[in-house]
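Novice: One structure is given below, represented as structure tokens, and several questions about it will come after.
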Amino acid sequence: NADGTRLLINDTLSLKLVDPKTGMVLPTQGTPLPAAMAAHPTWSPDGTLIAYVAVTDSTATWAVDYVSGNLMTIAASAGDTFGAPSLLVAQGNDPTLKAPSWPSFSPDSQYIAFAAGTNSRGRNAIGSPPVETVFPGGLFLVGRAGGAPTRLDAACGGQLECYLPCFSPYDAGGYVWLVFYSVRDYGNTQAGTKGTKRRQMWVTAIDKTKLGMGVDPSSVPYWLPEQDPTTDNMSAFWAPPPPLQ
């Protein structure tokens, strides 16, 4: 949560509240947290809302691998009190991309970015012998109160192979920033990832003046510098700079 005193975790497919200093599971008040078929919890910066995925894939056995689900929210308040789950986006809002995953709140807690694909993993080895398969997936943005999500096609470049969005906590110049991974080509075959389908981190600017307008607020993304293009990178998080000594 915002002050670092509470942590929401997945335990297989249940959600649990944990003391991050001790690792102890804590009791909650109000409506019990989902005890089954729940994945990818995230807390809003203002501490009042939880977003997570209610997995609807009956074959799922853990929170990483599923093919369908609903994006949900839970109200959070003082005293470790939680409300009943509320449906935000059904089945990823796309008939072909039914597995929403990895929700992330904007710095003002008013919008949620999420990926949605044919599988929550983004890629997996399939068949016998196993063959590495990249699953189609796009990026979406929805208001915390619901409504029709907007697909971030400018950010995803129409590739539909984008996953794990994460909002920056910084808000400046009329933009907020979103990092995600994509398997699009970067550079060339000698000094880049061309033709490899290798996961790399990309950043897009979200134009705040376009939020809530029903249009794509994302921008053409840039490749995050200092990555090793010979390795797969997939899950980025933002951190403030250390204090000056």
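The values are calculated or read from the model by the stated rules, or taken from the named source; none is laboratory data. Everything numeric in this text was worked out from a predicted model, so none of it was measured. Every residue, glycine as well, gets a Cβ built from its backbone with ideal geometry; the counts of neighbours run over all protein chains shown. What goes into the accessible areas is simple: the full protein's heavy atoms, side chains included, and nothing from ligands, DNA or RNA. Shrake-Rupley method; radii C 1.70, N 1.55, O 1.52, S 1.80 Å.
Novice: Any residue that is acidic (Asp, Glu), closer than 20 Å to Pro229 by Cα and buried (at least 16 other Cβ atoms within 10 Å of the Cβ) - is there at least one of those in segment 168-185?
Specialist: At the first step, the residues of segment 168-185 found to be acidic (Asp, Glu) are 171, 185.
From what is left, the residues that are closer than 20 Å to Pro229 by Cα are 185.
Now restrict to residues that are buried (at least 16 other Cβ atoms within 10 Å of the Cβ): 185.
For segment 168-185, residues acidic (Asp, Glu), closer than 20 Å to Pro229 by Cα and buried (at least 16 other Cβ atoms within 10 Å of the Cβ): present.
Novice: Quick check on this structure: which one of Thr193, Thr230 is in contact with a Lys or Arg (Cβ under 9 Å, 6 or more places away or on another chain), open to solvent by 80 Å² or more (accessible area, probe 1.4 Å) and over 19 Å from Gly174 (Cα atoms)?
Specialist: Thr230
Novice: Tell me which residues, restricted to segment 55-87, are assigned to a strand (DSSP E or B) and open to solvent by less than 20 Å² (accessible area, probe 1.4 Å).
Specialist: Answer for segment 55-87, where residues must be assigned to a strand (DSSP E or B) and open to solvent by less than 20 Å² (accessible area, probe 1.4 Å): Val55, Gly69, Leu71, Thr73, Ile74, Ala76, Phe82.
Novice: Can Gln110 be described as touching a strand residue (DSSP E or B) at 6+ places or on another chain (Cβ under 7 Å), open to solvent by 20 Å² or more (accessible area, probe 1.4 Å), of a type outside the set (Phe, Trp, Tyr) and at pLDDT 95 or above?
Specialist: It is true that Gln110 is touching a strand residue (DSSP E or B) at 6+ places or on another chain (Cβ under 7 Å), open to solvent by 20 Å² or more (accessible area, probe 1.4 Å), of a type outside the set (Phe, Trp, Tyr) and at pLDDT 95 or above.
Novice: Pick from Leu178, Leu160, Leu141: which is among the hydrophobic types (A, V, I, L, M, F, W, C), more than 29 Å from Asn1 (Cβ to Cβ) and within 16 Å of the chain's Cα centre (by Cα)?
Specialist: Of the residues listed, the single one that is among the hydrophobic types (A, V, I, L, M, F, W, C), more than 29 Å from Asn1 (Cβ to Cβ) and within 16 Å of the chain's Cα centre (by Cα) is Leu160.
Novice: If only one of Asp46, Asp19 is open to solvent by 30 Å² or more (accessible area, probe 1.4 Å), among the charged types (D, E, K, R) and under 24 Å from Gln110 (Cβ atoms), which one is it?
Specialist: Asp46
Novice: In segment 127-147, is there at least one residue being farther than 28 Å from Thr59 by Cα and open to solvent by less than 30 Å² (accessible area, probe 1.4 Å)?
Specialist: yes
Novice: Within segment 203-217, how many residues turn out to be hydrophobic (A, V, I, L, M, F, W, C), touching a Phe, Trp or Tyr at 6+ places or on another chain (Cβ under 8 Å) and over 21 Å from Ser182 (Cβ atoms)?
Specialist: Matching residues across segment 203-217 total 1.
Novice: Go through segment 153-180 and count every residue that is of a type in the set (S, T, N, Q) and under 11 Å from Ile206 (Cβ atoms).
Specialist: Residues that pass the stated criteria total 1.
Novice: Within segment 196-211, restricting attention to residues that are among the polar types (S, T, N, Q) and buried (at least 16 other Cβ atoms within 10 Å of the Cβ), which residue is nearest to Ser104 (Cα to Cα)?
Specialist: Among them, the one singled out is Thr204.
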